Amino acid sequence: MAAPPDMELSPALSLELLPTDPLLLILSFLDYRDLVSCCYLNRRLNQLSSHDPLWKRHCKKYWLISEEEKTRRNQGWRAIFISTYSDLGRYIRYYATLKKAWDDLEQYLGQWCPRMIGSLKESVREEDLDAVEAQIHCKLPDDYRCSFRIHNGQKLVVPGLMGSMALSNHYRSEDLLDIDTAAGGFQQRLGLKQCLPLTFCIHTGLSQYMALESVEGRNKYEIFYQCPDQMARNPSAIVMFITGTSYLEWFTSYVNKVVTGGYPIIRDQIFRYVHDKDCVATTEDITVSVSTSFLPELSSVHPPHYFFTYRIRIEMSKDALPENICQLESRYWRITNAKGDVEEVQGPGVVGEFPVISPGKVYEYTSCTTFTTTSGYMEGYYTFHCLSNKDRFFNVTIPRFHMVCPTFKVSTA
């Protein structure tokens, strides 16, 4: 029996009949993969997915393309996304993060270490990276490859991009190796099998390595300093001080430390001193703060010898009265290792000097200590005398500061 006229079904709603603006709004929430998939569903979605403004968000999110860059290229957003993806698509998970890190680093260096900018090398091509893989017979991780598509490390110069450290008779400055130099240092010897150097110091020969395979007790893509095991009979036995779990984490965490002022700039170089914000103490008008650093190249696990350097900043408030000018007479240290063993040290001045501190003046110096345990701490005080009243002596607190060796593991070679 035929249905009454008022009960006849309405015609199916066709995609072709839906208004354009709501559909474009829906498409604007899609990821680039889903947007591409829509192109293959039907003619209408294909047309809408090609709407150029839809691709602006993806260009900015994945490739960091600005309006100025779009104007310079004289291309639409969709064309820019497609052309960039055809070149860098395998790195889409990493590119924006690494590109921002490089851009931030360049901007910071331009302001604080301008001569280092000239040491950075231009990007490499995909075929160059493929050639290195063929040369070393090992695959490079995509985050590492991606970084070198932005900058091919730096020239072997001083200062090095990856930070410096200086003591009276010791200097280290690590360069970020270009891809060819890194490939030339690829290791297949026992103890460092399938390890690629990332950095190199021309003064000490020190490198940070990345493990390209999980062998000899290492995790794949782990980054470390190597340290000879001096008590092992096998000369290939090494200890690894771990500095990163992947290239992306290792590089971006370093850059973040640099550009946020976590590492001080000294003599136009990045120094890898770590400052704990709690390591600050003020006595009267004088403030003492401390930064520390672990030196793997002067340390050993077997036998236990952990070498640390510390940098102390002594500053008198600029609002202090002129008659508060004073001179440092002596120092007292209480040094405690992880076992609770205590050593006390007292002596005249600091590093052979007796600095005078006046309102607004800063005095900084560097010294070092060693522990037979993987951690320890120091605290103490300086004794000053007032120059306007030489009978007045007072102690200035040095805040307790801790020093901790990085995580390490022993090679199973």
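The values are calculated or read from the model by the stated rules, or taken from the named source; none is laboratory data. A quick note: this is a predicted structure, and the numbers were derived from the prediction, not measured. As a convention, Cβ positions derive from the backbone with ideal geometry for all residues, glycine included, and neighbour counts pool all protein chains shown. For the accessible areas, the whole protein counts, side chains as well, though only heavy atoms, and no ligand, DNA or RNA atoms are used. Shrake-Rupley method; radii C 1.70, N 1.55, O 1.52, S 1.80 Å.
Observations, loosely collected:
- When the stretch 296-305 is filtered for residues that are assigned to a strand (DSSP E or B) and either of a type in the set (D, E, K, R) or open to solvent by less than 10 Å² (accessible area, probe 1.4 Å) (or both), only Ser300 remains.
- Filter pass, Ile265 being touching a residue at least 12 places away in the same chain (Cβ under 8 Å), in contact with an Asp or Glu (Cβ under 9 Å, 6 or more places away or on another chain) and surrounded by fewer than 20 Cβ atoms within 10 Å (Cβ to Cβ): no
- Exactly one residue out of Leu120, Leu140 is among the aliphatic types (A, V, I, L, M), modelled with pLDDT of 95 or more and either on the phi > 0 side of the Ramachandran plot or crowded, with 20+ Cβ neighbours inside 10 Å (or both), and it is Leu140.
- Lone qualifier among Glu353, Glu343, Glu379 - being assigned by the TED database to the domain that holds Asp278, within 26 Å of Pro296 (Cα to Cα) and open to solvent by 50 Å² or more (accessible area, probe 1.4 Å): Glu343
- The listed residue being in a strand (DSSP E or B) and touching a Cys at 6+ places or on another chain (Cβ under 9 Å), out of Ser293, Ser330, Ser289: Ser289
- Annotation note: of Tyr332, Tyr365, the sole residue that is open to solvent by 30 Å² or more (accessible area, probe 1.4 Å) and among the hydroxyl-bearing types (Ser, Thr, Tyr) is Tyr332.
- Yes/no for Arg57 being open to solvent by 70 Å² or more (accessible area, probe 1.4 Å) and in contact (Cβ under 8 Å) with a residue 24 or more places away in the chain: yes
- Residue check, Ile65 out of contact with any strand residue (DSSP E or B) (no Cβ under 6 Å at 6 or more places or on another chain), part of a loop (DSSP other than H, G, I, E, B) and open to solvent by less than 50 Å² (accessible area, probe 1.4 Å): yes
- Among the criteria (1) at pLDDT 95 or above; (2) under 19 Å from Thr283 (Cβ atoms); (3) assigned to a strand (DSSP E or B), the one Ile335 does not fulfil is (2).
- Residues of the stretch 234-243 satisfying the condition of being at pLDDT 80 or above and either touching an Asp or Glu at 6+ places or on another chain (Cβ under 7 Å) or not in a strand (DSSP E or B) (or both): Asn234, Ser236, Ala237, Ile238, Val239, Ile242
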